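Have a look at the structure that comes next, please.
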Amino acid sequence: MPVAEIPNPHQEIHRFRGRLLVAALVVSALFLVLVGRFVHLQVLQHAHYDTLAESNRIAIAPVVPNRGLILDRNGVELARNYSAYTLEITPAKVRNLDALIDELATVVDIAPKDRKRFRKLIDESKNFESLPIRNRLSDEEVARFSVNRYRFPGVEIKARLFRQYPYRDLTAHIIGYIGRINSKDVEALEASGQSANYRGTDHMGKMGLEQSYESRLHGTTGFEQVEVDAGGRAVRTLSRTPPVSGDNLVLSLDLKLQEIAWQAFGERRGALVAIEPNSGAVLAFVSKPGFDPNLFVDGIDPQSWDALNKSIDRPMTNRALQGQYPPGSTFKPFMALAGLALGKRNARYTISDPGYFTLPGLSHQYRDWKKGGHGAVDLHRSLVISCDTYYYGLAADLGIDAIHDYIGQFGLGEKTGIDLPGEMSGILPSSRWKMRRFRQKWFAGDTVSVGIGQGYNIATPLQLAHATAALAANGKVYRPRMVSHIEEAASRTLKPVGSELVRSIAIKPEHLQQVRAALVDVTRPGGTAAQAGKGAPYSFAGKTGTAQVVAMKQGESYNESRVPERHRDHAWFIAYAPAENPTIALVVLVENGGHGSSAAAPIARTVLDYWLLGKLPDGAQPKSNVNEEPSD
């Protein structure tokens with residue numbers, strides 16, 4: 001048998017001590033690493049991790065300011081806010097959106113139009129945003145959802161302020177509307193450095209005063225520091241920087257006057273603009289038909305959009321601001337002033353009107369509206385009876401560039417600068433304009449048509465009202481404005497928006513008197529607007545106009561009854577009153593209305609009667625004092 005080896009106790013002890021030392025060194029090294037890491041975290045990086053911990057504990061929540069109100073001159077609210085509950089979905093937190101909406105519809109009523117609008121909002125918004133699937137929930141619906149909330153992750157009820165326009169189409173083209181902020185809006189806000197002030201805000205102005213005064217109406221966003229638990233639920237509010245509400249806008253517009261003017265149009269299409277001559281303040285601003293701006297606040301449904309967008313009546317077009325029409329005979333008072341100022345006519349100059357005008361050496365006849373002509377016509381009579389032949393000859397004598405340079409002083413052919421977005425400039429032609437536009441020289445025949453407000457001559461109703469106001473103000477041209485005062489939310493002070501005198505036109509008093517006297521006689525027996533002026537207890541000046549829509553062939557006579565309704569002439573009427581000291585100047589356009597005397601002038605008379613006398617038209621029941629309930 002082999003002899004067993006006897007262990008050496010000293011060697012074993014030495015080996016054990018070596019292992020123990022190695023283990024002690026490893027443990028010490030690990031301990032040193034732990035201590036070093038502890039020092040790094042607790043000492044060197046204390047401030048960094050303290051900030052991170054605090055940010056996990058504290059959430060910064062934006063507090064959206066109340067949007068400023070818009071009121072008429074008498075304090076009637078034209079745009080206001082009200083609070084209601086919305087049912088909202090955050091798409092980023094939902095796996096199957098269609099299935100969720102289907103299940104949600106078993107608890108809260110969700111109509112097909114709500115689904116379509118929600119899909120449109122998804123396309124326009126960022127995926128992580130909370131988007132409304134239903135607005136203005138009833139208390140019963142809120143309670144029903146609250147009981148079933150656990151079934152719907154990513155869905156919540158929020159209390160929001162809603163914008164409401166109680167007078168709908170009556171003021172739609174003035175006030176405009178707000179809509180949800182889209183990607184283009186975000187880019188614009190970032191470019192202007194305003195994105196921080198719109199945190200938490202879903203809407204902004206998209207049209208009208210809501211758009212042009214967005215920076216004043218929106219206000220300043222506030223912030224709350226909220227302590228949250230591990231589940232992200234708010235525990236308590238630590239601090240609060242309150243928001244500053246948007247400023248209120250007070251308009252020069254008189255809502256009752258606006259409604260009287262609106263109702264006077266009946267079912268006809270057209271526009272009316274009334275201005276205070278010596279300040280530029282807008283008193284009424286009608287574009288008919290209109291639309292309901294409430295449809296756009298939370299995203300218009302496709303059916304309503306198609307109905308508005310495809311309507312032959314173009315209700316979305318602001319006719320007063322953007323409609324461009326030949327001014328017709330309303331252009332003649334300004335032509336008369338040009339003739340007097342430039343020495344081409346005087347009060348005694350008389351023509352013999354055969355019913356047409358021909359340029360020297362040409363056979364083409366420019367016909368007067370009255371077959372056979374008016375006989376002897378001087379400047380006064382030319383305006384009273386609206387003689388075309390007189391102004392054909394005057395235009396030829398003046399030349400297009402002289403017409404452009406003189407009449408352009410009244411603001412025709414350029415934007416007025418009113419505080420509304422989207423204004424069109426119209427066209428007051430010149431030889432330079434035609435060369436730029438068509439690369440063609442100007443012909444004498446072009447000038448003849450311009451003399452009676454036809455041809456290349458195009459104006460908006462606002463421009464003609466602006467020019468008429470300048471005539472009524474003895475040549476003083478004020479910039480038109482809608483807003484008369486701004487009530488600043490921070491200080492609660494009402495600050496006026498001052499009148500802006502753009503220019504003063506040098507008009508000899510005798511020339512102005514000659515033209516204005518003729519315009520007063522337009523509304524008296526023998527004038528083209530005699531019927532509209534009949535029985536008026538005040539004197540007012542006016543001028544009728546008929547603007548051709550479809551050109552007639554040489555020798556062909558116009559027969560309104562044989563022309564399709566939308567090819568009939570447009571009807572114009574410009575006026576100011578009282579004639580001696582005007583407080584209102586206005587223009588009326590009735591699309592395809594035919595004659596200014598029969599279609600447009602009666603509307604102006606109705607408006608003037610109310611403004612000067614407080615007289616309501618027969619059967620009129622103004623509703624501008626009705627406080628309507630919010631509607632979807």
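The values are calculated or read from the model by the stated rules, or taken from the named source; none is laboratory data. Because the structure is a prediction, the values reported are computed rather than measured. In this analysis, Cβ positions are derived from the backbone assuming ideal geometry, glycine residues included, and neighbour counts consider all displayed protein chains. Remember, those area values only see protein heavy atoms, side chains included, never the ligands or the DNA or RNA. Shrake-Rupley method; radii C 1.70, N 1.55, O 1.52, S 1.80 Å.
With volume of the Cα convex hull per residue in Å³ defined as stated, name the option among [x] 157; [y] 194; [z] 287 computed from the structure displayed.
It is the one labelled [z].
Are there any GluC sites (Glu not before Pro) in the range 443-517 that are in a DSSP loop and have at most 13 other Cβ atoms within 10 Å? List them by number.
On the way: sites: GLU487, GLU488, GLU500, GLU510; in loops: GLU500.
Loop-located and lightly packed - GLU500.
May I ask you to list the chymotrypsin sites (Phe, Trp or Tyr not before Pro) in the range 421-455 that are in a DSSP loop and have at most 13 other Cβ atoms within 10 Å of their Cβ?
Details: sites: TRP433, PHE438, TRP442, PHE443; in loops: TRP442, PHE443.
Those that pass, being in a loop and sparsely packed, are PHE443.
Of the options ILE407, PRO537, ASN581, report the single residue whose Cα projects farthest towards the positive end of the charge dipole of the chain (beta-carbon charges: Lys, Arg +1; Asp, Glu -1).
So the residue we want is ILE407.
From the protein chains alone at 1.4 Å, what is the descending order of accessible area for TYR349, TYR325, TYR456, TYR213, largest first? Provide the component values of the computation, followed by the final result.
Working: TYR349 90, TYR325 15, TYR456 65, TYR213 35 Å².
The most accessible residue leads, giving TYR349, TYR456, TYR213, TYR325.
How tilted is helix 332-341 with respect to the longest principal axis of the chain? Cα atoms for both, answer in degrees (0 to 90, nearest 10).
70
Just the accessible area per residue of the chain, please: how many Å² with a 1.4 Å probe? Intermediate values should be presented prior to the final figure.
Working: 30710 Å² over 632 residues.
With all protein chains present, the chain gives 49 Å² per residue.
Could I ask something else about it? Just read off the accessible area of PHE31 with the full protein assembly in place, 1.4 Å probe, to the nearest 10 Å².
Number for this one is 130 Å².
Further, regarding this structure: What's the angle, to the nearest 10 degrees (0 to 90), between helix 183-192's Cα axis and the longest principal axis of the chain?
It is inclined by approximately 90 degrees.
May I pose another question? With labels modelled as points extended 7 Å from the Cα through the Cβ direction, what inter-label distance (nm, one decimal) is found for GLU140 paired with THR350?
About 8.3 nm separates the two model spin labels.
When only C-alpha pairs under 8 Å and at least 6 residues apart count, what is the relative contact order of the chain, in percent?
Working: 1242 pairs, mean separation 89.8, N = 632.
Result for the chain is 14 percent.
By how many degrees, between 0 and 90 and to the nearest 10, does the Cα long axis of helix 388-398 differ from the longest principal axis of the chain?
In the chain, helix 388-398 runs at an angle near 70 degrees to the longest axis.
Same structure, new question: Straight distance only, please: which lysines reach the Cα of LYS344 with their own Cα at less than 30 Å, same-chain residues fewer than 8 apart left out?
LYS332, LYS370, LYS371, LYS415, LYS434, LYS441, LYS476, LYS508, LYS543
At a Förster radius of 41 Å, what calculated FRET efficiency corresponds to the Cβ-Cβ distance of VAL35 and ALA92, to the nearest 0.05?
0.40
Applying 1/(1 + (r/R0)^6) with R0 = 22 Å to the Cβ-Cβ distance of ARG73 and SER598, what FRET efficiency is obtained, to the nearest 0.05?
Details: r = 32 Å, r/R0 = 1.45.
With a Förster radius of 22 Å, E is 0.10.
Can I ask one more? At R0 = 45 Å, how high is the FRET efficiency between VAL43 and VAL186 if r is their beta carbon distance? Nearest 0.05 is fine. Provide the component values of the computation, followed by the final result.
On the way: r = 43 Å, r/R0 = 0.95.
That gives a FRET efficiency of 0.55.
What is the antiparallel percent of DSSP beta bridges lying wholly in the chain, to the nearest 5?
On the way: 77 of 80 bridges.
Roughly 95 percent of the beta bridges in the chain run antiparallel, per DSSP.
For the range 264-422, what does the alpha-carbon gyration tensor say about shape, rounded, prolate or oblate, given a ≥ b ≥ c as the root eigenvalues, a/c under 1.5 as rounded, and a/b over b/c as prolate? Mind dumping the intermediate values first?
On the way: a/c = 2.82, a/b = 2.10, b/c = 1.34.
Here the range 264-422 falls in the prolate category.
When all protein chains stay in place, what accessible area (Å², nearest 10, 1.4 Å probe) is found for THR350?
Its accessible surface works out to 80 Å², give or take rounding.
For LYS113, which aspartates and glutamates qualify as cross-link partners when the Cα separation must be under 19 Å and same-chain residues fewer than eight apart are set aside?
GLU88, ASP98, ASP102, GLU103, ASP123, GLU124, GLU141, ASP292, ASP298, ASP301, ASP306, ASP632
Do the sum for the chain: with -39,500 (n - 2.57) for every DSSP H run of n ≥ 4, divided by all residues, what is the mean residue ellipticity at 222 nm, to the nearest 500 deg cm²/dmol? List each step's numbers first, then the result.
On the way: 22 runs with 212 residues, N = 632.
Estimated from H runs of four or more residues: -9500 deg cm²/dmol.
Same structure, new question: So which aspartates and glutamates can LYS256 reach, going by Cα to Cα under 18 Å and dropping same-chain residues fewer than 8 places off?
Once the sequence-local aspartates and glutamates are set aside, what remains near LYS256 is ASP72, GLU77, ASP169, GLU276, ASP609, ASP618, GLU628.
Could you put ARG436, ARG524, ARG479, ARG492 in order of accessible surface area, largest first, with the 1.4 Å probe and the full protein assembly present? Provide the component values of the computation, followed by the final result.
Details: ARG436 160, ARG524 110, ARG479 70, ARG492 140 Å².
Highest to lowest solvent-accessible surface, that is ARG436, ARG492, ARG524, ARG479.
In the range 336-368, what trypsin sites (Lys or Arg not before Pro) fall in a loop by DSSP, with at most 13 other Cβ atoms inside 10 Å? Kindly include the intermediate steps, with their values, before the conclusion.
Working: sites: LYS344, ARG345, ARG348, ARG367; in loops: LYS344, ARG345, ARG348.
Hits after loop and neighbour filter: ARG348.
Using only protein heavy atoms and a 1.4 Å probe, report how much of ASP109 is accessible, in Å² to the nearest 10.
ASP109 exposes around 100 Å² with every protein chain in place.
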